[in-house]
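Below is one structure, written out as structure tokens, with a few remarks after it.
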Amino acid sequence: FAAPDWAEPGDRLSPADHPTETLRARDIIAGAPPILVSPRKPDGELRGSRFSQLLILRLAPTANGPSSGRLLGYTAICSHAGCVVSSWIPGLNLFLCPCHGSEYDPARHGAVVGGPAPAPLPSIPLQDVSGLVEVAGHFSARPGGRTGRTD
Ligand code: FES
């Protein structure tokens, strides 16, 4: 068993498709689709496992919820069978897992709103530190749901 390589407080974030860049708070546009990112340890080392990946977004201010405009982070690992939740439903503003169609609502703490997922998508707190997005705490629950997969 490999130890989980999940994001930890103090990690910075790199876009999954641009792993040498560091995500800035101003890169997260309110109302835009989520960005898939990999955490980077404080010493600079990338957490390379796909099970470490996160979804980052800001809800549109018009969403009218308590989360609108704030930086939000969720594990990218579906609680159903461990796929990466790589799709987004614009307009409804829902995460969509392409494997079996589970839908999660980022405005409601990652609640399952469709499909076979057995548990919400765990969230992780983020903060803006001198313009860079930084992990500010731990996951709300174990990522991966009942799959138990960590790498
Ligand atoms: Fe995501 Fe099945 S793994 S819906």
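Assorted remarks:
- Label positions at residue 70 and residue 109, each projected 7 Å from the Cα along the C-beta direction, are separated by 1.2 nm.
- Simple spin-label estimate for residue 140 and residue 26 in nanometres, 7 Å along Cα-Cβ: 3.0 nm
- Most fluctuating residue given options 26, 12, 47, as computed from a GNM of the chain linking Cα atoms under 10 Å: 26
- In plain terms, if you count all Cα to Cα distances in the range 70-124 and split them into 10 Å steps from zero, the share in each step is 28, 62, 9 percent.
- Length-normalised contact order of the range 85-132 in % [C-alpha pairs under 8 Å, at least 6 apart]: 21 percent
- Using the Stokes-Einstein relation with a Kirkwood hydrodynamic radius computed over Cα pairs, the translational diffusion coefficient of the chain at 20 °C and a viscosity of 1.002 mPa s comes to 142 µm²/s.
- Within a Gaussian network of the chain (alpha carbon springs, distance under 10 Å), most fluctuating of 72, 92, 46: 92
- The chain - percent relative contact order, Cα under 8 Å, separation 6 or more: 24 percent
- The slack in the chain from residue 43 to residue 129, taken as 0.36 nm per residue of separation less the alpha-carbon distance, amounts to 29.3 nm.
- When the chain is treated as a Gaussian network with alpha carbon springs shorter than 10 Å, the biggest mean-square fluctuation among 87, 38, 79 belongs to 87.
Throughout, read-outs are computed from the coordinates displayed, never taken from laboratory work. Since the structure is predicted, the reported quantities are computational estimates derived from the model, not experimental observations. Heads up, the Cβs are rebuilt from the backbone with ideal geometry, glycines too, and the neighbour counts pull from every protein chain shown.
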